[in-house]
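See below for the structure under consideration.
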Amino acid sequence: MARVNRREILSSGEIQVVHCVNRCVRRGFLCGVDELTGKNYEHRRQWMRNRLEFLAGIFGVDVLGFSVMSNHLHVILRSRPDVVKTWSDKEAARRWWYLFPQRRNKDGSPAEPADTDLNHVMADEKTLAELRARLSSVSWFMRCTSEVIARMANAEDACTGRFWEGRFKATVLLDEAAIAACMVYVDLNPVRAGLAATPEKSDFTSAQERIVDLKSAHDVSTADAKDVRIEHGSNAGWLAPVELEPKQKKAREKCSSRRASNKGCLFMTLAEYLQLLDWTGRQLKPGKRGAIPKNAPPILDRLNLSAELWLHAVEHFGKRRSANRITPAARFNATAKPALQSVAVQ
C-alpha cells in the first residue's frame, strides 16, 4: 500500500510528535568505521549531535530523543506552533537569520544581525507568517539537519551528489504509549545493534546524555537544585524533559535558550523511564525474547499495557510503516487498550 502523503498528516498548525529516520545512500557512512575502506567516520557523530542541539535552540520544535547510528539517524520531534506564536516579530526574524545568515564570521558561524537585517524581514507580514510556520515545522527541522551534514560530509570526501538516500521517513505518534515505545526503541538502537552493552555506554543517544546529567545531579545537596540539574543538565538540557510536568517550580519556570520549551513528554519520571529502558533492553537480548519477569515495572500497568504487548511493540517498532497498520499489535493482542498508535507518512 502506498504511503500517506505528508501534507495529509503533518499539520503546520498542530502540535504533533514525529519519529524521523534518515539513512545514508548506498554504502555511505554517516559515522563509524567503514569495513570496506577502513576509513573512520566516527567524528561525524559529533557533527550530528551538535547540529541537533543548535537547531533545538532555534526552532519551535522539541527534541524528545535521538540516536546516531553508523549509516542512519533517529530523532523524535514535537512541533510547537504554540511556542512560536509567543515570539515577537523581531525574535522570529532573529531566529531565521541564524538559520540562513546573510553574513558570517571568520569561523563560519552566523554574524550578529543588524536591526536593518531584521527590519527587512519584519516589513513583509506574509513572509514573516511563512517563516513562523517553518520555524515550527518538523520537515524544515530535518531539512536544516540533513542538508548541512550532507554538505560537510561531501566536502570531507571531496565528492558531490546525494549523501542521504532520500527524504526522511516519518511516523506520527498519536498517544503516550506510542511515544514511550518509540523513545525506548530509539535509545536501545546501539544495544540491539551490538554496539553497546547498556544504555549508559551507548554513545550519542538521548539516553546516555540524560544518564550523565542524572549522575551529576547527585553531587548537589538540595532537592530544588537537583531537579534543576536533571531537567537543565549540561548534556541533555537541550532535550525535552522526560517528565511531563517537573515537580519543582524552579525547573518548570527556568528559562532556557537551548530548547523550545520545558514541557516534558511522558507521565513518568526520568528514573522510571530509565528503569523501563533497562528492563526492555534485557528482554530484547538474543535468546531471552518473550521471557517476561514475574514483577513487571509498574509503568506498564499505568499505560494499560501487558508486558508481552510492550515487548512486541518495541521490537517491531521500526517495521511499522504502513498507514493502515495504526494498531500494529492488534493481531498479537486484539483486546489491548489503549492501542499503540502511529501513522507512517512519505
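Each reported figure results from applying straightforward, stated rules to the coordinates on display, with no laboratory input. From a predicted model like this one, the values you see are computed outputs, not experimental measurements. Cβ sites come from the backbone with ideal geometry, for glycine too, and all protein chains shown count toward neighbours.
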Two pseudo-spin positions, 7 Å from Cα along C-beta at Asn154 and at Arg51, lie apart in nanometres by 1.2
So, with points 7 Å from each Cα along the Cβ direction, the Val212-Lys254 label distance in nm works out to 1.7
In nanometres, the difference between 0.36 nm per residue of separation and the alpha-carbon distance of Asp34 and Leu244 is 71.6 nm
log10 I(q)/I(0) for region 1-138, Debye formula on C-alpha points only (no solvent), q = 0.09, 0.20 Å⁻¹, two decimals, reads -0.37, -1.19
Taking max minus min of the Cα coordinates of region 113-202 on each principal axis, largest first, gives extents in Å of 54, 43, 25
Residues Ser256, Ser79 in order from fewest to most other beta-carbon atoms within 10 Å are Ser256, Ser79
For Ser136, other-chain or 5+-apart residues with amide H closer than 5 Å (H placed, Pro excluded) are Gly60
Expected unfolding gain across Gln275-Arg192 under the 0.36 nm per residue rule, minus the alpha-carbon gap, is 28.2 nm
Least to most buried among Ile58, Ile15, Ile211, by other C-beta atoms within 10 Å and fewest first, runs Ile15, Ile58, Ile211
Here D for region 234-275, in µm²/s, from Stokes-Einstein with a Kirkwood Rh over Cα pairs at 37 °C and 0.692 mPa s, works out to 308
Extension length gain for Arg103 and Asp89 (0.36 nm per residue less Cα distance), in nm, is 3.0 nm
With N residues in region 33-97, Rg(alpha-carbon) / (2.2 N^0.38 Å) equals 1.49
Here region 133-139 yields Karplus 3J(HN,Hα) values (6.51, -1.76, 1.60; θ = phi - 60°; whole Hz; Gly and Pro given as x) of 4, 5, 6, 10, 9, 5, 4
Residue-ordered couplings for region 162-176, obtained by feeding phi - 60° into the Karplus form 6.51 cos²θ - 1.76 cosθ + 1.60 and rounding to whole Hz (Gly and Pro as x), are 5, 9, 9, 6, x, 5, 5, 8, 10, 10, 7, 9, 9, 8, 5
Whole-Å distance linking the alpha carbon centroid of region 244-273 with that of region 122-196 is 23
